[in-house]
Every structure is written in C-alpha cells, then in structure tokens.
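Every number in this text was worked out from the coordinates using simple rules, so none of it is lab data. In this text the structure is predicted, and so the values were computed from the model without any measurement. Glycine gets a Cβ as well: all are built from the backbone with ideal geometry, and neighbour counts include every protein chain shown.
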Amino acid sequence: MSVAMPLPGAPISRRGFGRFLAGTGVAAWAGLRSAPVAAATIPLRFTLDWRFEGPAALFLTALDKGYFRDEGLDVTIEPGTGSREAIPRVASGDFDAGFGDVNTLIRFRDEKPTIDLKAVMMVYDRPPFAIVGRKSRGISSDPKSLEGKKLGAPAADGAFAQWPVFRKVNGIDDAKIKLENIGFTVREPMLASGELDAIFGFAHTSVINMKARGVPAEDIVTLLMADHGIELYGNAVIVSPKLIAEKPQAVRGLLRAITRSVRDVVAAPEAAIAGVLQRNDGARPEIELERLKMALDHYVMTPGVKANGFGSIDKARWQKGLDQIGLAVSFKDKAKAGNAFAEGFLPAEAERAF
C-alpha cells in the first residue's frame, strides 16, 4: 500500500495525518506507551521545558518506542511551564530529571551552592533565544532597531533572561526601550494586534505562533541571539544530585534512550510528531511538525554536532558563555557555578555520531 506524503506547507487535518501515520506503520509503535512495564524497572519523573509541542517528540519517542523500558526505566514525562522553571523542579526533588535552560542552571548553582545540580547532556547546542518583531513596526535585522520600541516579555521567559547580556554585547541603550511584563498566553496576540513592537521568546514558539495567527511571514523579523554575538548554549538534560549519587546507571540509561530517540526523530520527524498529537488534542499537525523541524535544523543538528557528535560541549565555548553570563551577574563563585556539566554519563562517541 502506498501512502502519499503531504506537500510541504500544506495543511494536514488530524484525521488525514492519522491515516498517513497508519499507512506508514507508525501507529503500531505509538501504542507501546500503554504496554505493561517490567517489574524490575526504576521509576523516574521527567519534566519538559514546555507543553507537549513539536520539540517534545525528542523525548516522547523514547517513551513510545520503549527505549526507556529497554534501559530498565519506568519514565513519566510531564509538560513544563518554561525552560527556567525546569531547574527548580528538579532541584526540589519533585522530578528526577528534566529538560531546561543550562544558563539558568549556572545561575542557580551560584545562588544555591550546596545543591550540586548538573546538566548531563546538551540537546540545544545552539540556543533558541530570540527577539521576534514586526517589520511593519520598525523592527529590522539590526538589534539597534529595538531602541525607541515597546517590547514585551514574561518575567520567567528564558530568552528575556539573556536580555542583559544581549544588550551589552550589541551596545543597545536600555533607557531607549520600554519593557512591559506580560503573560505567556498574551505574548504573541499582543504582537499580532500591534500592542507591542517585539517580544522575547524561543524562536520556534513565537515565530510559528505568529504565523499561525495569520501574520504574514514577510512581516516577521527574528533576531536570534546566537546570530548576534551570544555564545551561550541552550537547553540540556538536567538530573538531580540524588539520582547521580544513588543510581548512576539510571542516568546512563536515560541518556542512551534519549540518544536513540533523537536519532529517530532526526531521521523521520513526520512520524515522530505522532506522540505529540496523542497528548495534545489542540495541536495542529502541520504547525507542530514545522516547530519540530525548526528546532532540529537550528538548535539540535548544528554544524558542531554534525562534526563532533550529539550531547557534549566544547569547553572553550562553554567558558566564553560563562564570561558572557558574568556581564549580567556578579558571580559569588564563578568556577563552582560553571562546573555545571558532567559529561561522564554520555553514551560512547560512536553512539552519538550523526
């Protein structure tokens, strides 16, 4: 039986997308998440950075295909409320591991030096931090175009947390900008309606949400911070000190399963999006697929990852990022705060080569 692939950019109904998945055999493995768990498994709670949207497929695929179960893990994946919030969730012990902003982790370690919280796998080799504006509101690809404009950001937003670094690196006069504290749910609607000139957010969230609201793509301007001097890394897998100390084999198994999952998602994002749709009734297949592909192309499968493998960090770049964070905060103990990545739990290099 042949199955026609949807044309790029063409709307896909949930029913039509389901027929496509069934025809490719994906529906067979999608039901694996309801299979009984082996008796000797280790329970593990994992928090995402955000809702069940496209990029969540990087982890949901491991759950749906039984990769966690293969490692003796009974993993529960729950949605998050922001990339920064994943850090206190894991630090508190409410979650064993999570997916969150590594720069927030560095700051957290400096503020709470007695909690040895670690990142163990870099997933977003390039950060998705962005300022998204509209050409019709006077925003251009030049960061200086933000001066004299009204910008909106949720206080807990991961991109907004980097604003002090971004404006210093790019010589932006903060006094010439009006900042408004807004909620996540009204961020894109306020930009779409013209109440704001630009907003802070993850590019794959805000850009695609704006397009989904009918804003013409040619009117959307994306200032990706990584394109304007920011050396920081993005989101990483973070694990609790308790899990590292008591069950290091579980940490290694978790990362092996995620590596297998990421490999599958990179190879077939159209199939991987099925796990997202099963958990998000309001999700539109074409929107979440575009969101996932954007994350893969811009943050996950970077030239550095293709050359050096997935999951690790470059120590020289890490130090540059640490220095940039120091432009915005005064470290109590920079060395201790920066000792936030433990690479000894990663799979062998051959397993992480893409």
Distance from a point 7 Å along Cα→Cβ of Asp94 to each backbone N in the stretch 47-80: keep the residues under 17 Å and list them by number. 47-52, 76-80
Treating the stretch 129-227 as a set of equal point scatterers at the Cα positions, no solvent, please give the Debye-formula log₁₀ I(q)/I(0) at q = 0.16, 0.25 Å⁻¹. -0.56, -1.55
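I need Ile77, Ile172 ordered by Cβ neighbour count within 10 Å, fewest first. Show your work: numbers first, answer last.
Details: Ile77 23, Ile172 17.
Exposure proxy ranking, most exposed first: Ile172, Ile77.
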Amide H of Lys118: which non-local residues (sequence gap of 5 or more, or other chain) have their own amide H closer than 5 Å, using H built in the peptide plane? Val239
Near Lys242, which lysines are there with a Cα under 30 Å away, not counting those fewer than 8 places off in the same chain? Lys65, Lys112, Lys118, Lys315, Lys320, Lys332, Lys334, Lys336
Extension gain from Glu343 to His228, taking 0.36 nm per residue of separation minus the Cα-Cα distance: 38.6 nm
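How far, in nm, would the chain grow between Glu351 and Ala245 when pulled straight, counting 0.36 nm per residue and subtracting the alpha carbon separation?
Working: separation 106, 0.36 × 106 = 38.16 nm, distance 2.44 nm.
In short, 35.7 nm is gained.
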Need one number: % antiparallel among DSSP beta bridges in the stretch 129-227, to the nearest 5. 60 percent
Within the stretch 172-274, list the trypsin sites (Lys or Arg not before Pro) lying in a DSSP loop whose Cβ has at most 16 other Cβ atoms in a 10 Å radius. Arg213
Sorted by chain and then number, the residues having a modelled amide H within less than 5 Å of the amide H of Gly311, at least 5 places away or on another chain, are Met122
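Hey, fewest Cβ within 10 Å first, where do Ser312, Ser141 land in order? Working shown, then result.
Working: Ser312 17, Ser141 13.
With the fewest neighbours first, Ser312, Ser141 line up as Ser141, Ser312.
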Output ³J(HN,Hα) for the stretch 225-234: one whole-Hz value per residue in order, computed from phi by the Karplus curve 6.51 cos²θ - 1.76 cosθ + 1.60 with θ = phi - 60°, and x for Gly and Pro. 4, 5, 8, 10, x, 8, 9, 5, 7, x
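Tell me whether the chain comes out rounded, prolate or oblate; compute the Cα gyration tensor, take square roots of the eigenvalues as a ≥ b ≥ c, and use a/c under 1.5 as the rounded threshold. Mind dumping the intermediate values first?
Numbers: a/c = 1.92, a/b = 1.14, b/c = 1.68.
Cα axes put the chain in the oblate bin.
About the Cα centre, and with charges only on the beta carbon of Lys, Arg (+1) and Asp, Glu (-1), how big is the dipole of the stretch 129-227? Nearest 20 debye, please. Could the numbers behind the result be given before it?
Working: 13 positive and 12 negative charges, 17 e Å.
Once rounded to the nearest 20, the dipole reads 80 debye.
Would you calculate a helix-derived [θ] at 222 nm for the chain, using -39,500 (n - 2.57) for each DSSP H run of n ≥ 4 and dividing by the full residue count, to the nearest 500?
Values: 17 runs with 140 residues, N = 354.
Calculated from helices alone, the mean residue ellipticity at 222 nm is -10500 deg cm²/dmol.
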Which of the aspartates and glutamates could be linked to Lys178 by a straight reach, that is with a Cα gap under 18 Å, when you skip same-chain ones fewer than 8 residues away? Asp142, Glu147, Asp157, Glu188, Glu195, Asp197
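If you put +1 on each Lys and Arg Cβ and -1 on each Asp and Glu Cβ, how big is the dipole of the chain around its Cα centre, in Debye rounded to 20?
On the way: 46 positive and 42 negative charges, 10 e Å.
The calculated dipole for the chain is roughly 40 debye.
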Rounded to the nearest 5, the percent of antiparallel DSSP beta bridges in the chain equals 55 percent
Residues His204, His298 arranged by fewest to most Cβ contacts within 10 Å: His298, His204
Just to confirm my numbers, what's the Cα centroid distance between the stretch 36-111 and the stretch 122-194 in Å? 28 Å
